[in-house]
Amino acid sequence: MTAAVDPVTLEVIRNALTAIAEEMSLVVMRAARSPLLREAGDLSSALTDADGNLIAQGRDIPMHLGVMSLTVKEFLKRVRKDRLAPGDVWFLNLPEVGGNHLPDVKAIRPVFADGAIRAFAVSLAHWADIGGAVPGSYVANATDAWQEGLRIAPTRLFTADGPDREKLDLILANVRGADEREGDILAQMAATRAAEDRLLRVYDEHGIGVVEAAVAAIHDRAEAQMREALRALPDGVYEGEDFLDDDAAGGPPLPIRVTVTLDSDRAVFDFTGSGDAARGPLNTTPFIAAASVFYVVKALVGPDIQPSGGCYRPLEVITRPGSVLNPSPDKPVVGGNHETSQRVADAVFRALEPALPEALSAGGPTTSGLLLFGGRREDGAWTTLYETHGGGEGARIDRDGAPVIRVHMSNVMNTPAEVIEAEYPIQVERQALRRGSGGAGRHRGGDGVHREYRMRVDDVSLTSMFERRVVPPYGLQGGENGAPFRVTIVRSGGAEEDLSGKANVRLDRGDRVIVESCGGGGYGRPETDD
């Protein structure tokens, strides 16, 4: 461990870096134009050192943050440091550049001090539309990456002189809701500028040498803490699996399999036994597989360890080229970001059940529960409502599961009904608990949500992207499964349709969409209940 910084100064700098990352997220939420960012908070913020190693992150979305621990490293493989200048902000969304899916666009600003790059500020925001075949850019029947929207290789949109209007206009010409997208782009830029201002103050107050020594110490200490936490686990080889409902193209459930090897102070997570690449948009990247592993390990053994590059040094993640977790770049990936990622997490949790049974929850709503409504208001303006739906938390050894909550990889909030009705041609007719949807057990799983939407205009596109419709949330230690996810369309004439978990359909005025999200799994055998 680096000894150049006294413990008090180290803690002051560590907390200052974390506060900067959290402020970045607040800047985006206050400045963005889309409700998806302003209300739901589908965004994340991070700082890295000059080599792209994570040093601080906001209290945001775990899968974003795990990916951003790798994004700048991949960015620097394509854009050399000597091409970067003060005032630059680069944007990208390519999954193969440390990414996840096209709607999650990263803004990267190099932070210079004393003539050299000292850090990078990274703002990730989910754009409500990135082009592609349908509003909202979730193409349920996509079979290649180009159907999913605009692919942005690292592109410098801002310099010290301001926005590069030519490049910005090229991007805005290829997405729906250009005015809203431009507002969100400016919000991301402003967040990285705020981070730069705060970092320069930290450098001025403590000195560049002291801050860089503190960053090295953060990495070393986090590595030591993670190794200590891993040593407390029983060595051995553990196997786990979970299943996607299908491959988004009519196929059977798709397996995610992992072999976890715990060996003293290191852990290896081998996913080579997972299924081949999906025909539909449920593939994901090795970066998302790694992010899921980082989340599981942090949650189970190191919740208080500073997220950093050093924290993840003792972990190795292996994926098989050609698999659903390491597909070729031409494969569609939009749903894999938040659906397959959570199957990865559940597979690892299930593998570790023999080692840590009392630390685990039963299966919960490990799906985004996504419905995406797109169309025009009566004034002609484009609208895109990207709405996620929580479900029942899985029960634990000591308590029942909570109702209507997001677990695992996402901290995205729901959009309030008042905001939906004010900004979209949609009415929220009912919101209630889905009573009895939690699985039975010594402790019962939490209940899901019942929510109903009514269309107020014709020709609205609806995209679904959710899991746990076929493979329900699992019970643990003898507890029963929770009820599966279900979405029903009730046409204005009364006809009912069961909506697939991955579909694109059209709705008209008066049509209703009824969401019944999954319940959590129970914990322990029901017959042992007092």
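The values are calculated or read from the model by the stated rules, or taken from the named source; none is laboratory data. The model shown is predicted, which means the values in this text are computed figures rather than measured ones. With ideal geometry, Cβ positions are generated from the backbone for all residues, glycine too; neighbour counts draw on all protein chains shown. Heavy atoms of the whole protein, side chains included, go into the accessibility calculation; ligands, DNA and RNA do not. Shrake-Rupley method; radii C 1.70, N 1.55, O 1.52, S 1.80 Å.
Remarks
- Full extension of the chain between VAL268 and THR488 yields a length gain of 75.0 nm, computed as 0.36 nm times the residue separation minus the alpha carbon distance.
- The magnitude of the dipole of region 1-158, with charges of +1 and -1 set on the Cβ of Lys/Arg and Asp/Glu and taken from the Cα centre, is near 380 debye.
- Surface analysis of the chain yields an accessible area of 36 Å² per residue, using protein heavy atoms and a 1.4 Å probe.
- Label zone at GLU418, where the point sits 7 Å out along the Cα-to-Cβ direction: region 20-45 residues whose backbone N lies under 16 Å: 39-40
- Accessible surface of region 7-224 [probe 1.4 Å, protein heavy atoms]: carbon and sulfur percent: 49
- Distance from region 308-373 to region 391-457 (C-alpha centre basis), Å: 22
- ARG231-GLU429 FRET efficiency (beta carbon distance; Förster radius 56 Å; 0.05 resolution): 0.55
- Note on ILE208 and ASP144: their simple-model spin labels are 4.7 nm apart, each label 7 Å out from Cα toward Cβ.
- If you take the Cα centroid of region 108-125 and the Cα centroid of region 239-255, the two points sit 40 Å apart.
- Within the straight-line cut-off of under 20 Å between alpha carbons, the aspartates and glutamates reachable from LYS331 are GLU74, GLU96, ASP104, ASP129, ASP144, GLU148, ASP245, ASP246, ASP247, ASP276, GLU339, GLU467, sequence neighbours fewer than 8 places apart in one chain being disregarded.
- The relative contact order of region 168-326, computed from alpha carbon pairs under 8 Å that lie at least 6 residues apart in sequence, is 23 percent.
- For region 361-530, the relative contact order is 30 percent, taking Cα pairs closer than 8 Å that sit 6 or more residues apart in sequence and dividing their mean separation by the residue count.
- Most positive-pole-ward Cα, PRO403, ASN414, GLY380, against dipole of the chain from beta carbon charges: GLY380
- The charge dipole of region 124-263, taken about its Cα centre with unit charges on the Cβ of Lys, Arg, Asp and Glu (plus for the first two, minus for the last two), comes to roughly 320 debye.
- Farthest toward positive dipole pole in region 117-236 [+1 Lys/Arg, -1 Asp/Glu at C-beta], among VAL210, ILE152, ALA195: VAL210
- Figure legend: label point modelled 7 angstrom from the Cα of GLU23 along Cα→Cβ; residues of region 190-226 with amide N under 13 Å from it are 191-205.
- Computed from backbone phi, the HN-Hα couplings of region 244-260 come to 5, 4, 6, 9, 6, 9, x, x, x, x, 10, x, 10, 10, 9, 10, 9 Hz, rounded to whole numbers (Karplus: 6.51 cos²θ - 1.76 cosθ + 1.60, θ = phi - 60°; Gly and Pro given as x).
- Here is what passes the span test in the chain: the DSSP H helices with alpha carbon length of 20 Å or more along the helix axis and a Kyte-Doolittle mean of 0.5 or above are 7-31, 286-301.
- Compared with the alpha-carbon gap, the fully stretched path from VAL12 to ALA355 is longer by 119.9 nm at 0.36 nm per residue.
- If you plug the beta carbon distance of ASP330 and ALA381 into 1/(1 + (r/R0)^6) with R0 = 41 Å, you get a FRET efficiency near 0.75.
- Accessible surface of region 292-331, 1.4 Å probe, proportion on carbon and sulfur as whole %: 51
- Positive-end residue, region 7-224 charge dipole about Cα centroid, Cβ charges, pick of VAL79, GLY177, ALA116: VAL79
- Apportionment of accessible area to carbon and sulfur, region 361-530, percent (1.4 Å): 43
- Listed values (i) 69, 59, 40; (ii) 100, 62, 40; (iii) 82, 52, 44, entry calculated as Cα extents along the principal axes in Å: (i)
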